[in-house]
Ligand code: SF4
């Protein structure tokens, strides 16, 4: 039987298992990336594994989330990351040089290679044929040490693109349409592979907008074939030698097929506060807009900002609206500046931010209370912008710019009719990509050869091997779709403690219940209970590490998000699935006891565990784990397990 592109790349990198969907496979990793908020732990864990040097073909450390050096903590983290990259042999991208996915895409991403990154939007370079997967920081540390990455073999779904985008319709509208159809859970356990005649009508930057937001569908990854458009992009970034031809075999079989006729796509918008809350822009039109932001790893490229510049040429942003552009890379900023577009945009009333994630996680440009913010980002989870009662809409740069001109949400087709002289700026590929490299430090240019640890850099906490009895209080009962932002908020006042786990733990689940951390410490162990899709959102491993530090033993949930579940195994927390009836019966403060011998059950492959609540009733919880995940859980987490493996030779 023929293979899909995903299967071809996995087969080339397979070190364990076979390609049966749902079964665990181990794959070799060619490239890794880490960003600053996850990176400090990656390198502390790499150090704890007693590794000397990065073993993958390429490793890159970016500073993009917390680039503002408010006090010494972020600055110290950046120095630590630079010193770790230098000491162990990774590339280092300085703070302000841009968002990891964009800088990686421009400088290193290559078709046919595997990439593992400690950030959930790692699949972005799937748009140029790289099989890229987001994972926890510990998985990155192990992969850098030469270890395989283990993942459930996903189902490969064919997204067949037909036709061509019409006027004012963009790649962002394609992925928003998929989110409208499939929801934020529609891609769980799947890779979306794009095929069909519509593919060649999209350039690499457009494709990467789509693959970037495959993460919002919950997909393991998304990937496009390679073609003339891929060559054109690689030529432009000065890496034509990286091109390889990637096509699915003629008789490749897909688990499912979804057809998207690009000619039927119209401007779309995601309403607050979920990326799948998507409607045509016309249905949301007329709402007054106070803030418009163009940027993020989804739509912060040169090719995303240029249409805004063309639309604003000779015009102004409405007086009641603030418009901010945060380019996704300094390379994009430099190209805009060289061509004079920065001055045009400034003259139109636009403010520029440095190239950073920033506002995407509530760091700077926090919207006013109870006001509409229109953003080209990929996520609009409640409170992510830095204020709980936010009202964030997600859209294309074209819709954002049209709305900035009008001061209210507007479909650009309607604004064009109204103004008479506003034209669809269309798509234009950037030129001169290879000029900016001053902010990338290669291993050969390393400025440090030993780790520099400031006072805010702590140790990695370890957990003991899994015990036979687990019993404790339900410390918190939560609803559906709890995100890693709920578990550990990513705002600057909190995330600056990312390298100091005891301090950061004080903020665990504080957005759900402010007294949680103290209660967990006082209770000395216990459980979290949640509904569906627990742990969705970013790959933040602190969302497992901090509950572990506070003594949480396990999570009882109706279902788990993929990366977070892997993180729970990695830090020795037992992820148990319960059915809806039992979930409804459990209350916060209940005492839960796992009746079976947990340690022995986990080791022996037991899938069902009986739990007793308040000595009054019993239910059944399921442990869905591979043999390796069971070994990791039993050892007390992946760090202990990996060290054990190394000792056993
Ligand atoms: Fe940065 Fe936002 Fe992209 Fe995450 S989603 S990498 S925070 S821009």
Tell me, yes or no, whether the range 14-29 has at least one residue that is within 16 Å of the ligand (Cβ to nearest atom), buried (at least 23 other Cβ atoms within 10 Å of the Cβ) and either in contact (Cβ under 8 Å) with a residue 24 or more places away in the chain or over 18 Å from residue 497 (Cβ atoms) (or both). no
So how many residues does the range 395-408 have that are surrounded by 21 or more Cβ atoms within 10 Å (Cβ to Cβ) and in a loop (DSSP other than H, G, I, E, B)? 2
For the range 107-118, give me each residue that is within 15 Å of the ligand (Cβ to nearest atom) and part of a loop (DSSP other than H, G, I, E, B). 109, 118
Checked the range 82-106 for anything crowded, with 23+ Cβ neighbours inside 10 Å and within 16 Å of the ligand (Cβ to nearest atom); matches are 93, 95, 97, 98, 99, 100, 101, 102, 103, 104, 105, 106
Only one of 71, 77 that is closer than 23 Å to residue 458 by Cα and touching a helix residue (DSSP H, G or I) at 6+ places or on another chain (Cβ under 6 Å): 77
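Every residue, every condition in (1) assigned to a helix (DSSP H, G or I); (2) farther than 16 Å from residue 45 by Cα; (3) away from the ligand (no atom under 14 Å from the Cβ), yes or no:
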site	(1), (2), (3)
120	no, yes, no
132	no, yes, no
146	no, no, yes
156	no, yes, yes
Quick one: in the range 189-222, which of the residues that are under 13 Å from residue 128 (Cα atoms) and within 16 Å of the ligand (Cβ to nearest atom) is surrounded by the fewest Cβ atoms within 10 Å (Cβ to Cβ)? 205
Touching a helix residue (DSSP H, G or I) at 6+ places or on another chain (Cβ under 9 Å), closer than 27 Å to residue 568 by Cα and buried (at least 21 other Cβ atoms within 10 Å of the Cβ), is that true of residue 186? no
Tell me the residue from 449, 444, 459, 524 that is closer than 25 Å to residue 637 by Cβ, more than 16 Å from the ligand (Cβ to nearest atom) and not assigned by TED's automatic domain parsing to the domain that holds residue 644, please. 459
Is at least one residue of the range 57-73 buried (at least 23 other Cβ atoms within 10 Å of the Cβ), closer than 28 Å to residue 230 by Cα, more than 16 Å from the ligand (Cβ to nearest atom) and outside the structural domain of residue 538 (by TED's automatic domain parsing)? yes
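Of everything in the range 346-383, what is in a strand (DSSP E or B) and either more than 15 Å from residue 294 (Cβ to Cβ) or under 21 Å from the mean Cα position of the chain (by Cα) (or both)? Give them in sequence order.
Matches in the range 346-383: 355, 372, 374, 375, 381.
Does residue 581 satisfy the criteria of being farther than 16 Å from residue 525 by Cβ and out of contact with any helix residue (DSSP H, G or I) (no Cβ under 9 Å at 6 or more places or on another chain)?
The answer is yes for residue 581.
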When restricted to 138, 128, the only residue at pLDDT 95 or above, under 23 Å from residue 30 (Cβ atoms), out of contact with any strand residue (DSSP E or B) (no Cβ under 7 Å at 6 or more places or on another chain) and crowded, with 24+ Cβ neighbours inside 10 Å is 128
Please enumerate the residues belonging to the range 566-594 that are farther than 20 Å from residue 636 by Cα and not in a helix (DSSP H, G or I). 578, 579, 586, 587, 588, 589, 590, 591, 592
What are the pairs, 6+ residues apart or on separate chains, where a residue within the range 40-65 that is over 18 Å from residue 542 (Cα atoms) and in contact (Cβ under 8 Å) with a residue 60 or more places away in the chain has its Cβ under 9 Å from a residue that is within 16 Å of the ligand (Cβ to nearest atom) and not in a helix (DSSP H, G or I)? 54/32; 56/32; 56/116; 59/32; 59/33; 59/34
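Residue-wise test of (1) modelled with pLDDT of 95 or more; (2) surrounded by fewer than 17 Cβ atoms within 10 Å (Cβ to Cβ); (3) part of a loop (DSSP other than H, G, I, E, B).
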position: 393; (1), (2), (3): yes, no, no
position: 410; (1), (2), (3): yes, no, yes
position: 424; (1), (2), (3): yes, no, yes
position: 431; (1), (2), (3): no, yes, yes
Looking only at residues that are farther than 23 Å from residue 477 by Cα and loosely packed, with under 14 Cβ neighbours inside 10 Å in the range 581-627, which one is modelled with the lowest pLDDT? 627
Does the range 287-344 hold any residues that are over 22 Å from residue 415 (Cα atoms) and in a loop (DSSP other than H, G, I, E, B), and which are they? 300, 301, 327, 328, 339, 340
Tell me which of these residue 262 doesn't satisfy, since it passes every other one: (1) buried (at least 22 other Cβ atoms within 10 Å of the Cβ); (2) within 16 Å of the ligand (Cβ to nearest atom); (3) more than 18 Å from residue 330 (Cα to Cα). (2)
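The values are calculated or read from the model by the stated rules, or taken from the named source; none is laboratory data. Predicted model, so just to flag it, every value in this text is computed and none were measured. Glycine gets a Cβ as well: all are built from the backbone with ideal geometry, and neighbour counts include every protein chain shown.
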